[in-house]
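Q: I have a structure here, written as structure tokens, and I will follow up with some questions on it.
Laboratory data are not the source of any read-out in this text; all were calculated from the coordinates shown. Remember, it's a predicted structure, so these values are computed and weren't measured experimentally. FYI the Cβ positions are ideal-geometry reconstructions off the backbone, even for glycines, and counts take in every protein chain you see.
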Amino acid sequence: MPTDTAPVPDYVYVTYIRATSEQVWQALTDAELTARYWGHANVSDWKPGSAWEHRRADGSGVVDVVGTVLESEPPTRLVVTFEDTPDEPREPSVVTFLVEPHEDIVRLTVTHEKLPDREMLGGISHGWPAVLANLKSLLETGEVLPQAPWEMNRAAHS
């Protein structure tokens, strides 16, 4: 049976948020804020070379993603490795958050590169829009969306 040997494309998502660069940076790097809109606390000191963890906010302490901070240029650029299967030896993917201010808004571009397979591409293609919609809602209204948007994707595929 033939296999798909085509390279997995990078994933890029762009959204515009009524916020400052500093507010978006804080939303990406503050564990309490990420727990509110992502359901996971992103824990690190955010210095290049430091580890980071994507820790469930349900009190279980379970870490679903780990990585290393590759670049950190507050409040405009953050680059991290992203390992969602740390027990399986493979090259980690890389996520870049680019925060570009323009007057009263910010363009946030998330680029996820070096994806290991199309299964991960499918997962993040649902995950990133849901997470970033919740981030946008929190920054613009002070509240996250009334339902976790990633649950909508699960319900559609059940």
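Q: I'm spelling it out carefully: the read-out is percent of Cα pairs over 24 Å apart, the candidates are [x] 44; [y] 28; [z] 33, and one was derived from this structure. Which label?
A: It is the value labelled [z].
Q: Among W150, P116, P92, which residue has its Cα positioned farthest towards the positive end of the charge dipole of the chain, with +1 placed on the Cβ of Lys and Arg, -1 on the Cβ of Asp and Glu, and the dipole taken about the Cα centre?
A: Farthest towards the positive end: W150.
Q: What value, in deg cm²/dmol to 500, does the helix sum -39500 (n - 2.57) over DSSP H runs of n ≥ 4 give at 222 nm once divided by the residues of the chain?
A: When only DSSP H runs of four or more count, the value is -9500 deg cm²/dmol.
Q: Going by amide H atoms built from the backbone, whose H comes under 5 Å of the H on W52, apart from near neighbours?
A: Residues meeting the amide H criterion: G67, T68, V69.
Q: Where in segment 14-34 is the amide nitrogen less than 20 Å from a point lying 7 Å along the Cα-to-Cβ axis of H126?
A: 14
Q: Hey, another quick one. Once you list every other residue whose beta carbon is under 13 Å from the beta carbon of W46, what net charge do they have if Lys and Arg are +1 and Asp and Glu are -1?
A: -3
Q: So which helices of the chain fit the span-like rule, where a helix is a whole DSSP H run, its Cα atoms reach 15 Å or more along the axis, and its mean Kyte-Doolittle is at least -0.5?
A: Answer set is 118-141.
Q: Post the alpha-carbon centroid distance, segment 1-63 to segment 65-122, in whole angstrom.
A: 7
Q: How would W150, W52 line up from fewest to most surrounding beta-carbon atoms within 10 angstrom?
A: In increasing order of surrounding Cβ atoms, one gets W150, W52.
Q: How do S50, S72 line up, fewest other C-beta atoms within 10 Å first?
A: Going from sparsest to densest Cβ surroundings: S50, S72.
Q: Further question on the same structure: What are the semi-axes of the equivalent ellipsoid for segment 18-103, taken as the square roots of 5 times the Cα gyration tensor eigenvalues, largest first, in whole Å?
A: Largest first, segment 18-103 gives 22, 17, 10 Å.
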